[in-house]
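Below: one structure, written as structure tokens.
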There are 4 protein chains.
Amino acid sequence: MRVGVLTGGGDCPGLNAVIRAIVRKAERHYGDSVIGFLDGWHGVIEGNFTELDVNHMRGTLPRGGTVLGTSRVSPRMFDDGIDRVRATMEATGAEALIVIGGEGTLSAGVGVFEAGAANVVGVPKTIDNDIGLTELTFGFDTAVGIATAAIDRLHTTAESHDRVMVVEVMGRHVGHIATWAGIAGGATLTLIPEEPFDIEAVAEAISRRHRRGRWASIVVVAEGARPKEGTMELSEPEIDQFGHSRLGGVGQAVAAEIEARTGYDTRVTVLGHVQRGGTPSALDRVLCSWYGIAAIDAVHEGDWGSMVAFRGGEISRVRLADAVAQLKPVSPALYDVARAFFP
Amino acid sequence: MRVGVLTGGGDCPGLNAVIRAIVRKAERHYGDSVIGFLDGWHGVIEGNFTELDVNHMRGTLPRGGTVLGTSRVSPRMFDDGIDRVRATMEATGAEALIVIGGEGTLSAGVGVFEAGAANVVGVPKTIDNDIGLTELTFGFDTAVGIATAAIDRLHTTAESHDRVMVVEVMGRHVGHIATWAGIAGGATLTLIPEEPFDIEAVAEAISRRHRRGRWASIVVVAEGARPKEGTMELSEPEIDQFGHSRLGGVGQAVAAEIEARTGYDTRVTVLGHVQRGGTPSALDRVLCSWYGIAAIDAVHEGDWGSMVAFRGGEISRVRLADAVAQLKPVSPALYDVARAFFP
Amino acid sequence: MRVGVLTGGGDCPGLNAVIRAIVRKAERHYGDSVIGFLDGWHGVIEGNFTELDVNHMRGTLPRGGTVLGTSRVSPRMFDDGIDRVRATMEATGAEALIVIGGEGTLSAGVGVFEAGAANVVGVPKTIDNDIGLTELTFGFDTAVGIATAAIDRLHTTAESHDRVMVVEVMGRHVGHIATWAGIAGGATLTLIPEEPFDIEAVAEAISRRHRRGRWASIVVVAEGARPKEGTMELSEPEIDQFGHSRLGGVGQAVAAEIEARTGYDTRVTVLGHVQRGGTPSALDRVLCSWYGIAAIDAVHEGDWGSMVAFRGGEISRVRLADAVAQLKPVSPALYDVARAFFP
Amino acid sequence: MRVGVLTGGGDCPGLNAVIRAIVRKAERHYGDSVIGFLDGWHGVIEGNFTELDVNHMRGTLPRGGTVLGTSRVSPRMFDDGIDRVRATMEATGAEALIVIGGEGTLSAGVGVFEAGAANVVGVPKTIDNDIGLTELTFGFDTAVGIATAAIDRLHTTAESHDRVMVVEVMGRHVGHIATWAGIAGGATLTLIPEEPFDIEAVAEAISRRHRRGRWASIVVVAEGARPKEGTMELSEPEIDQFGHSRLGGVGQAVAAEIEARTGYDTRVTVLGHVQRGGTPSALDRVLCSWYGIAAIDAVHEGDWGSMVAFRGGEISRVRLADAVAQLKPVSPALYDVARAFFP
């Protein structure tokens, strides 16, 4: 069998580990040939690909990035996008297409599958952990680890200087990274998109803490956190060419408000791209390997339109269309844990 | 309410994080007073304890070890063990006892609860991840991360010297650490207690790999891995005063057999206690915080004899007696992933 | 003997390790009593201090921050600053004052010493490594390690997305961190204050690299790097209340210029305070311990006005006034190494 | 010019970084062609080599191991060893040979150079840091970091269980790793080859500490540490085929003696090969890059028989024969620091 693979969307630790797992089982167990489309959907649309084999993937398990490149291009951006995908699948002889990506990339996969242009199996990738019907997307654990290590370091500066440190982490629509890193890092407060914040309550909580004799605080803010209407000004983030907001807006704004309202020296750190690159954590490497094996198994069972998912400690399959139908919010019980520490 | 806490069994990253979470929510939300029994069940039996409060636990979230000390002492070791537990609970006024431990410590908790000597709530702790009815015990993710980092480093030595490196990791009865670290570290072979190994097949797999031009291999061996009967000699491990095997036996034996059968230079590394100490991973800190909050909640709901458990991405509760009834083995699907890479 | 200690200036990994070493040798070997002034020179001026002993410092070796707090206050900020220092030394009975700090804090020490207000011994602290007459200041190695780890992660994002990543690191007046992290991280270009850069040459070097088929580049920029006059606009950085520039100005500006001149997607990461907090590296812990021991030895030899220094693989002493007379620039030979990689 | 490179002796973090630096400056600056001999001196003797260029070395800066392989083979092991080296140099047209290795590999380089068989320049590599006339060999800082991280983790186990933890680290003839990691890790005692230890004094120091209420201790032991004559039995370590001792002997013996003499539960951890593999620290990457650039510069200046060395914060050159004439011991002043903490 001939199987195509693509990686789309933002860089994410573990992409290579998924590809490697697919290639190994495909080649060694099923006797497949595997091709990798270059730069996400762009490679499928343009017919750019490379042959992949076990030797090609050697040494890539711990390496960040993706040997295939990535992009945010989607067939939907072209009038004849779907037709070009179909044409490429026919021209390359690929009978299946494993799509590794986040909400945007996978949604494009749904479109392609529903149009009958390719036999699609999805693998949920995003450091944001916001894909539905799976408890974990790969890259998330690594991102949380990086953010937590940064917060660990900021604590000592906060304490040595009696400062409030605001840390902006990734999370445009949901606050998984913020909530996990906030709890793991012992943050005083954690602000996430799911719950608009009251800046006055934020300032008051910090002042109350300081009055108890704790003069240093860490506030973790997801990039997509927003104030309750009418409580503070926040200009809309500048949007770049890929539809992504430039980072730093909400972190800067929250820091400025805290300093203005409390009088405490307040600094902001915007973690940015360091959260999405580099070697995957051990957990992510296991998850990626498992996802890759499960994806090539799904291909051989002809379970088209499915997505591999991590549920209940095992890998299962869900419908890809269902998984991307809506973003997965942070568990309210877990956000309550974040709040329990500094009430 | 007055609540007692104990930590028992081997050192495990995250013990302090659980205690800290319990104390914070108990004091700040419920207005409880919390006491910590010293050195596990020993402290309950002897009536040794310390008052715990939020200030006491400050700064302990990232710190390994346990501020309460630990031991492998159990009420079962004393004729009047249960009575002494009852007496201590009465003398201290503690209305509930949160037991943080692995199979041995929690089983003692079942005995104490069933005898009516204390109102017990359990928290599953073990780097081995072998407690039933929970997908994760805390400490496991940290141990896997440490073992994987070590394997990452051993790869380059294996490759530079064309060597077989045998790495013995913890796991007396089950091979969770070995399987996860083996997959994450890209091990050639992983041997676990759940599946007795055939040393001849191990040697043959390595030779086959070398014949394909790959002259370096990593073999991960759980300390409890055992050969199929009749295939190789393995003396029973020396047992120390706590009923624990001295490490290194099976790793050494497997390395010697591989070297003898293949002729390849083979070295062994026994990871030992570094796997169970030090700062917890971000995931473990979140898990510990969540467990601690959930445990004090269970106390206030009077759900005695329960254990907090991680299932399906959320915390739920199971019966403690059921959880310790049998060890949780490695998922066969996951062990198949480990095997898929180097068939 | 009664000895005072203070830590001044910005947070820096290893401050506690120096204090711990001083206290241990002072108490155990010399039988001294040690007091710690709070919040740098502020504590000396105000007479705020705490007694320090071995128990007090237990567990602090790996911990970032400073148990004494810090500030940028200097006796020079007060008309009677020197007199108040003298008064505090007399009131507390402290016969010597160990001053742990960077250029500002140590310069104040020179003033105090030369005015005869205290018997001063200096310890060179700064992540910037810009103190003269010592090859290493503590905190620098840790900062370089953090910056390098971040660059390692940014590489994969740069490569996956064919991007230019600009990384702004600390270094207001000198480019030690930038040069070391640039070399260690495999940066394409490194811009430091010692050598004003030509933005057109920067853009041209990146374009040339891309024409050779390498579409990803990392540019490391010290916060104090400045363009050659007339080559590009760079507004002066906003200065905060401590005379420190707000971060991010030059990084943002360089990224914008590169994107405008080359057309390549370019992003900026400002590492900020994560570089100066958290646990010190092993090397910094050794250096701090050695500095602390050497400082208390200098006190007992009455070598007032001296600074302990790392030279030629050993600790020696130099005159504090000489050490702060001028900042130590990056070795031209080492900066040539940085340039050798991507000519 | 045509230049040969070899890497010999044990695996060491940073070998690739040195090769990469040589190749980059050789190709880009000098227009040289570089060949890499395979498996150390073995490749020179057998005439096995590979062409090296910038593309070949891409991505290797952070990667442990050596792309050239290594061995402990030496021309001295063959009657016609020197002649074969000469023949290979002539056959390959290599006008210079950069020898990257430790004492054994470099000593062979002296022999080859003095026999006029090749124009040799040496680069000092060893995690043991025992080469003379250089303050630092590469790989050492990484090894110290790994050992320190392990000791950090062992502390919590020691404290949770009131145990003595003995940690055996590398260092057959000198105790640099032990001394640095012992100080950085806050070890109670550090035993090194330079100072034979009195096991009774060791046991007494631990008992004294315990009597002061500190029930946990870490003892760092270099693999080559030896007891004072007559104080305790220590069988000579088993020697493997490469003349290297099997690890673990002295650590096990010291642990057994401590347990027997003090009665405290005592465990041993043998760090082994994890100390010598994997990604180099930032400092080692800088040092390696600098060494590589300096080595190819030395070649072009025709400074045959020299070794690049790190002295006084800069790279200089020394005579290779002098550098290997005797091992560099630990600075007594630094060992005093190790002893100052727990007198």
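The values are calculated or read from the model by the stated rules, or taken from the named source; none is laboratory data. All values reported here derive from a predicted model rather than from experimental measurement. Neighbour counts are summed over all protein chains in view; Cβ atoms, including those assigned to glycine, are modelled from backbone coordinates with ideal geometry. Surface accessibility is based on the protein's heavy atoms, side chains included, excluding ligands, DNA and RNA. Shrake-Rupley method; radii C 1.70, N 1.55, O 1.52, S 1.80 Å.
Miscellaneous remarks
- Three-way shape call for region B:36-149 based on the alpha-carbon gyration tensor, with the a/c threshold at 1.5: oblate
- Estimated from the Cβ-Cβ distance and a Förster radius of 22 angstrom, the FRET efficiency linking D:E114 and D:E301 is about 0.65.
- Tensor-based shape of chain D (alpha-carbon gyration tensor, a/c under 1.5 rounded, otherwise prolate or oblate): prolate
- Projecting the Cα atoms of D:V164, D:A17, D:V110 onto the dipole axis of chain D, where Lys and Arg carry +1 and Asp and Glu carry -1 at the beta carbon, places D:V164 farthest toward the positive end.
- For region B:205-340: accessible area per residue (Å², 1.4 Å): 40
- Chain A and chain C together bury an accessible surface of about 2700 square angstrom, both sides counted, with a 1.4 Å probe and no ligands or nucleic acids included.
- Inter-copy label distances at A:E204 (7 Å, Cα→Cβ; nm, one decimal): 6.1, 6.6, 7.4
- Value of relative contact order over chain D, rounded to a whole percent, pairs C-alpha under 8 Å and six or more apart: 22
- Cleavage-rule hits (trypsin sites (Lys or Arg not before Pro)) in region D:1-87: DSSP loop, at most 13 neighbouring Cβ within 10 angstrom: D:R58
- In chain C, a dipole from Cβ-located charges (positive for Lys and Arg, negative for Asp and Glu) runs towards its positive end, and of C:N55, C:I98, C:V174 it is C:N55 whose Cα lies farthest in that direction.
- Interface residues of region C:317-343, defined as those losing at least 40 Å² of solvent-accessible heavy-atom surface relative to the isolated chain (probe radius 1.4 Å), are listed as C:L334, C:V337, C:A340, C:F341.
- C:D265/B:R212 FRET efficiency (R0 41 Å; Cβ-Cβ; nearest 0.05): 0.50
- Solvent-accessible area lost in complex, 30 Å² minimum, residues of region A:143-158 relative to chain alone, 1.4 Å: A:D152, A:R153, A:T156, A:T157
- Taking every alpha-carbon pair under 8 Å whose residues sit at least 6 apart, region B:193-343 reaches a relative contact order of 17 percent.
- The fraction of accessible area contributed by carbon and sulfur in the protein assembly as shown is 48 percent, rounded to a whole number (1.4 Å probe; ligands and nucleic acids excluded).
- Beyond 19 Å, the tail of the calculated P(r) for region C:141-277 holds 45 percent of the Cα pairs.
- Taken along the Cα-to-beta-carbon direction at a fixed 7 Å, the label points for D:E95 and C:N48 span 6.8 nm.
- If a spin label sat at a point 7 angstrom from the Cα of B:K228 along the line to its beta carbon, the backbone N atoms of region B:161-200 nearer than 18 Å would be those of B:189-200.
- Only Lys, Arg (+1) and Asp, Glu (-1) charged, at Cβ; the protein assembly as shown dipole about Cα centre in debye: 0
- A simple spin-label model places the labels of D:H29 and D:D79 4.5 nm from each other, with each point 7 Å out along Cα-to-Cβ.
- Label spacing, shortest first and in nm, from D:G302 to its equivalents in the remaining copies (7 angstrom along Cα→Cβ): 5.9, 7.7, 9.7
- Estimated dipole of chain C in Debye, rounded to 20 [Cβ of Lys and Arg +1, of Asp and Glu -1, Cα centre]: 940
- Counting DSSP beta bridges with both ends in the protein assembly as shown, the antiparallel % (nearest 5): 25
- In region B:135-243, GluC sites (Glu not before Pro) in a DSSP loop with at most 13 other beta-carbon atoms within 10 Å: B:E229, B:E233, B:E238
- Region D:141-277, dipole about Cα centre (Lys/Arg Cβ +1, Asp/Glu Cβ -1), debye to the nearest 20: 460
- Taking Cα atoms only, the orientation of helix B:249-262 departs from the longest principal axis of chain B by about 10 degrees.
- Applying both filters, DSSP loop and at most 16 other Cβ atoms within 10 Å, to the GluC sites (Glu not before Pro) of region B:54-123 gives B:E95.
- Cut-off under 5 Å, modelled amide H: who pairs with D:E168 long-range: D:V221, D:T269, D:V270, D:L271
- Degrees between helix B:282-300 axis and first principal axis of chain B (Cα, 0 to 90, nearest 10): 30
- The protein assembly as shown: C-alpha gyration tensor shape, a/c 1.5 cut-off, then a/b vs b/c: rounded
- Partner shielding of A:11-24 amounts to 2, given as the average count of beta-carbon atoms from other chains within 10 Å of each residue beta-carbon.
- Choice from A:V67, A:V167, A:V274 with maximal GNM fluctuation in chain A (Cα, 10 Å cutoff): A:V274
- Once the Cα atoms are used to define both axes, helix D:199-211 deviates from the longest principal axis of chain D by about 60 degrees.
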